[in-house]
Amino acid sequence: MSTLHNLGFPRIGAHRELKFALESYWRGETDAAHLEQTGRELRRQHWQVQADHGVDLLPVGDFSWYDTLLDLSVTLGVVPERFGWSGGEVDRDTYFRMARGRAPHGEPVAACEMTKWFDTNYHYIVPELEPQQTFSLASKHLFEQVREAQQLGYNVKPTLPGPLTWLWLGKSRSAEFDKLELLEALLAVYGELLQGLQAQGVEWVQIDEPALVLDLPPAWKQAFEASYHALRTPGLNILLATYFGPLQDNLSLACELPVAGLHLDAVRAADEIERALDRLSPYQVLSVGIVDGRNIWRSDLDKALELLSPLHERLGERLWLAPSCSLLHVPVDLAGENSLDPEVRSWLAFAVQKLEELGILKQALEAGAEAAAADLQSARRAIAARRNSALTRPLAGQPEQTLETTPTQRTSAYPQRAAAQQRTLNLPPFPTTTIGSFPQTAQIRRARRDYKQGRLDEATYRATVEAEIRKAIRTQEALGLDLLVHGEAERNDMVEYFGSQLAGFAVTRNGWVQSYGSRCVKPPLLYGDVSRPQAMTLEWTRYAQSLTEKPVKGMLTGPVTLLNWSFVRDDQPRSQTCLQIARALRQEVLDLEAAGIGAIQIDEAALREGLPLRRADWRAYLDWAVSAFRLTAAGVADRTQIHTHMCYSEFNDIMEAIAAMDADVITIETARSNMELLEAFRHFAYPNEIGPGVYDIHSPNVPQTEQMLGLLRKAAQVIDPQRLWVNPDCGLKTRAWPEVEAALANMVQAARQLRGERPPSASPAA
Ligand code: GLN
Ligand code: ZN
C-alpha cells in the first residue's frame with residue numbers, strides 16, 4: 001500500500017477561528033485557556049478531516065500560533081536578548097512579543113523582522129542570529145502536539161523546517177558573519193529534538209528544506225551532506241521535503257542524502273521525478289507531490305496517473321502521495337462557496353478537495369482505475385468542461401491584440417513629458433502627495449458591507465462614499481497637499497476591488513489564506529480572459545476632481561500586482577494573462593485621462609515578490625512584468641503624469657527594470673530603513689522623479705517635521721532635488737484620522753521648509 005500523507009494543513013480554520021481567538025486574546029478580552037482550547041480544537045478538527053479523507057500519516061507541527069519558523073527558533077532557544085528571556089521554556093508572551101512586538105504581558109519591544117516565504121504571500125518571522133549564538137531545547141510544544149495526536153489515536157508524522165533552510169533564512173542584526181559557523185551547535189540541539197520524537201514512538205519525521213530549490217553557494221551545498229549524516233537517528237526515518245520548484249543543480253545532492261525518503265514537487269518539477277528515481281537507493285521512499293498546493297484548480301487526474309502508474313509499478317509501497325507543498329497556501333474548503341458561478345465552482349479544489357483527489361489517485365493505483373472509475377470520470381468531465389468553456393476562450397469579436405499592435409512606449413521621453421506635465425499640474429518644487437488610501441473608518445466599512453449584502457440601497461451607499469471623498473479632499477486642501485487623492489473609501493482591498501469588476505475574475509466568500517499571524521487574504525480567482533465591462537474607478541475619481549481646483553491623482557492597482565495576488569489560471573502562460581489584465585487597465589487609464597485626470601498612479605506593490613526563485617529566470621519575468629506595466633500606462637499623452645508605487649525597498653538588484661517601467665514618478669518605502677535604499681540610487685542614476693517615503697505608516701507615532709526634513713536632505717544628496725517628491729511610504733487606510741492629519745501637517749511643513757518658505761501662520765501645520 002502506498003502511503004498518502006500531507007505536508008501541512010491550513011491552520012487558520014475554515015472560518016478563521018484562529019484569527020479571532022488570537023486577536024481577542026491580544027486585546028485582553030479572552031484568556032490563555034480560551035486560546036489553548038481553540039488551538040486544540042482546530043488541531044483535532046484538522047487531523048480528523050485529513051484522516052477522514054484517507055491521509056495515512058498526519059502532519060503535526062504544521063499548527064502554529066503565528067508562524068512555524070518562529071516556532072522552530074523558539075524551540076531551539078533562539079530568542080534575541082531584548083526580549084529578556086532568561087532560559088527555560090519560552091513562554092507565550094515572549095513568543096508573541098517576538099512575533100509582533102507586543103503581548104498581553106510584558107513591555108512593548110521591537111518585533112523580529114518578517115518577510116515572505118519563498119515566492120508565496122505567506123510571511124515568516126526571520127530567525128535573528130548572533131555570531132556567538134547558543135542553542136538549547138526551549139519549547140516542548142512539538143512533543144506535546146505529537147502526544148495530543150497520538151492520544152486521539154492517529155498515526156503521526158511531525159513536520160519541521162530543516163536546519164539549513166532555517167539557517168539560510170536567518171539574519172544577524174549586529175554583525176556580518178558566516179552563519180554556517182553556527183551549524184554544528186544547531187545540529188546538536190536539532191538532533192536532541194529528533195531523539196525526543198523517536199522516544200515518543202514517532203517513525204517518520206518530515207524535514208522541509210525548500211532552500212534546495214534556490215541558488216546555493218558551494219559551502220551550503222556541502223553542508224547538507226554533513227548535516228544529514230549528523231542527524232541520523234536510530235529508529236527514526238527522515239523524509240526530506242523540497243518544494244516550490246525544481247532542484248536542478250541540487251538534485252543529485254538531495255538524492256544522495258542519507259535520509260529514508262525524499263519528497264519532490266511534481267507540479268513545478270515533474271521532469272525531475274524520473275531523474276530522481278534513478279538516483280535513489282532501493283530502500284528509499286519517493287514522495288510525489290502530485291496535487292498542486294499553490295493553486296485552486298482541480299487536478300487532471302488522468303495526467304497524474306500517467307506519471308504515477310509506472311512509478312507505482314517500480315516502487316510499490318515506496319511510492320508516497322502528497323500535495324506538492326503544504327496546503328497552507330490554499331483556502332480550506334469549497335463547501336459553503338455557494339455564491340460562485342456554479343460553472344467556475346466546478347473547476348475548483350481547495351485543501352479538503354485536494355485531499356479527496358489524492359484519495360482517488362491512491363485508490364486508482366491500488367485497486368485499478370475501474371475501482372475509481374466514477375470519480376475519475378467526474379474529474380475528467382470537470383477538466384474538459386473548463387478547457388472547453390466559453391469563459392476561458394477569447395471573447396468573441398475581440399481581436400487578439402499583441403504587444404506589437406499596442407504601443408508600450410510613451411510618445412516622448414521623460415524630459416519632454418515632465419515639461420508638459422508641469423504646464424498642466426503646476427506643482428511646486430518638492431511636491432507633496434499621499435499614496436492613495438485614507439483611514440477606513442468603521443462607518444465606511446459598515447456601509448460597504450451593508451451595500452454588498454443588499455441592506456443599503458445604492459443611493460445611500462453612493463452618498464456615504466461621496467461624503468467620505470469630500471472629507472478626504474477638504475482635509476487635503478486644508479493641509480496644503482499639492483497632488484490630492486480621493487482616498488479609496490469604496491475599496492475593501494486593492495486587489496479584490498478590481499477583481500470583482502473585471503470579467504475573467506471571481507471572488508470567493510470565504511477563500512481565506514493566511515498571510516501572516518492572524519492576517520488572512522482572500523485572493524480573487526482569475527479563471528478566464530480578462531476584460532473590463534465598464535469603468536471601475538472613473539466616477540469616484542471624477543467626483544473627487546469636481547470638488548477641487550487642485551489636481552487629483554487617479555488610483556489603480558497594476559497588472560502584475562493583480563496577477564501576483566490572485567489565484568491564476570494555469571492553462572496559459574502567466575505572462576499572457578498579465579498582458580490581458582494590462583489591456584483592460586489601459587482602457588481605465590485612458591478613460592481617466594479623457595475625464596481630465598492629470599495624474600494616474602498604477603500601484604505595483606507585488607512586482608518584486610513575483611521574482612522567480614532562481615536568478616536565471618529573473619530576466620524573463622521582469623521583461624514581461626515591465627511590458628505589462630508599460631502596456632497599461634503608455635497610452636496617455638505627454639501631459640498626463642504616470643505614478644507607480646512599491647511598498648518595499650529591496651530593489652538594488654532590479655533597479656534597471658524599475659527604471660524601464662518609465663513611470664514619471666515612483667513612490668517607494670524607505671522610512672523604516674532610514675533611507676538605506678538610497679544607496680541604490682547612488683550607483684544607479686534613476687532618470688525620472690522619486691518620492692522616497694518619509695515616514696513609516698505602519699506605526700501610530702506622529703513623525704516630526706525635523707525627522708522628515710533630515711530624511712529628505714539625505715535623499716537630496718543622491719537624487720536631484722528637482723525630481724524629489726514628499727510623501728508617506730504607503731497608504732493610510734490602517735491609521736486613524738487624527739494621527740494622519742497631524743503627520744501630514746508635519747510632512748507638508750517639511751516640504752515648505754525645503755522650498756525655503758516661511759510657515760504661513762494660518763496653516764494647520766503652524
Ligand atoms: N494605493 C494603495 C493604498 O494607498 C497602495 C497600497 C499598497 O501599496 N499596498 O492603500
Ligand atoms: Zn505600499
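The values are calculated or read from the model by the stated rules, or taken from the named source; none is laboratory data. Predicted model only: the values in this text are computed from it and were never measured. Cβ sites come from the backbone with ideal geometry, for glycine too, and all protein chains shown count toward neighbours. Side chains are part of the model used for accessible areas, which takes the heavy atoms of the whole protein and leaves out ligands, DNA and RNA. Shrake-Rupley method; radii C 1.70, N 1.55, O 1.52, S 1.80 Å.
For the stretch 227-278, what mean projected area does the convex hull of the alpha carbons give, in nm²? All intermediate terms of the calculation are to be shown ahead of the outcome.
Values: hull surface 14.8 nm².
For the Cα atoms of the stretch 227-278, the hull's average projected area reads 3.7 nm².
Over the stretch 207-350, the hull volume per residue, using the convex hull of the C-alpha atoms, is 124 Å³. Under the combined filter of DSSP loop state and at most 14 neighbouring Cβ atoms within 10 Å, the stretch 48-152 retains these GluC sites (Glu not before Pro): GLU89, GLU113. Placing R0 at 45 angstrom, the Cβ-Cβ distance between ASP623 and ARG232 gives a FRET efficiency of 0.50 after rounding to 0.05. So what's the angle, to the nearest 10 degrees on a 0 to 90 scale, between helix 183-199 and the longest Cα principal axis of the chain? The two axes meet at around 50 degrees. If one computes P(r) from the Cα atoms of the stretch 1-102, what percent of pairs lie at distances over 15 Å? Across the stretch 1-102, Cα pairs with separations above 15 Å total 67 percent.
Enumerate the residues in the stretch 505-535 having an amide nitrogen under 19 Å from the point lying 7 Å beyond the Cα of GLN453 toward its Cβ. Of the residues in the stretch 505-535, 507-512, 522 have backbone N under 19 Å from the label point off GLN453.
Loop-resident GluC sites (Glu not before Pro) (DSSP state other than H, G, I, E or B) in the stretch 603-710 with no more than 15 further Cβ atoms inside 10 Å of their Cβ: GLU650, GLU676. Note on the stretch 114-227: Cα convex hull, mean projected area over all directions, 8.2 nm².
Once the C-beta distance of GLN37 and ALA335 is scaled by a Förster radius of 30 Å, the resulting FRET efficiency is 0.75 to the nearest 0.05. Beyond 18 Å in Cα-Cα separation lie the following of the pairs LYS471/LYS550; LYS471/LYS733; LYS116/LYS179; LYS116/LYS140; LYS179/LYS221; LYS19/LYS522: LYS116/LYS179; LYS116/LYS140.
LYS140 contributes an accessible area of around 110 Å² to the protein surface, as traced by a 1.4 Å probe with all chains present.
Largest first, the three principal axis extents of the alpha carbons in the stretch 396-525 are 49, 48, 37 Å in whole numbers.
Loop-resident chymotrypsin sites (Phe, Trp or Tyr not before Pro) (DSSP state other than H, G, I, E or B) in the stretch 168-233 with no more than 16 further Cβ atoms inside 10 Å of their Cβ: PHE177. Based on the convex hull around the alpha carbon atoms, the stretch 564-650 presents an average projected area of 6.4 nm². Ordered from longest to shortest, the equivalent ellipsoid semi-axes for the chain are 45, 31, 25 Å, each the square root of 5 times a Cα gyration tensor eigenvalue. May I ask for the angle, rounded to the nearest 10°, between helix 574-594 and the longest principal axis of the chain, with both axes built from Cα atoms and the value confined to 0 to 90°? Between helix and principal axis, roughly 20 degrees.
Once Rg and the Kirkwood radius are both taken over the C-alpha atoms of the stretch 506-662, their ratio Rg/Rh works out to 0.98.
Here, P(r) means the percent of Cα pairs in each 10 Å bin from 0 to the largest distance; for the stretch 621-759 it is 12, 40, 33, 14, 1. Here the ratio of the Cα radius of gyration of the stretch 289-366 to 2.2 N^0.38 Å is 1.17.
With respect to the chain, whose longest principal axis is taken over its alpha-carbon atoms, helix 32-52 is tilted by about 60°.
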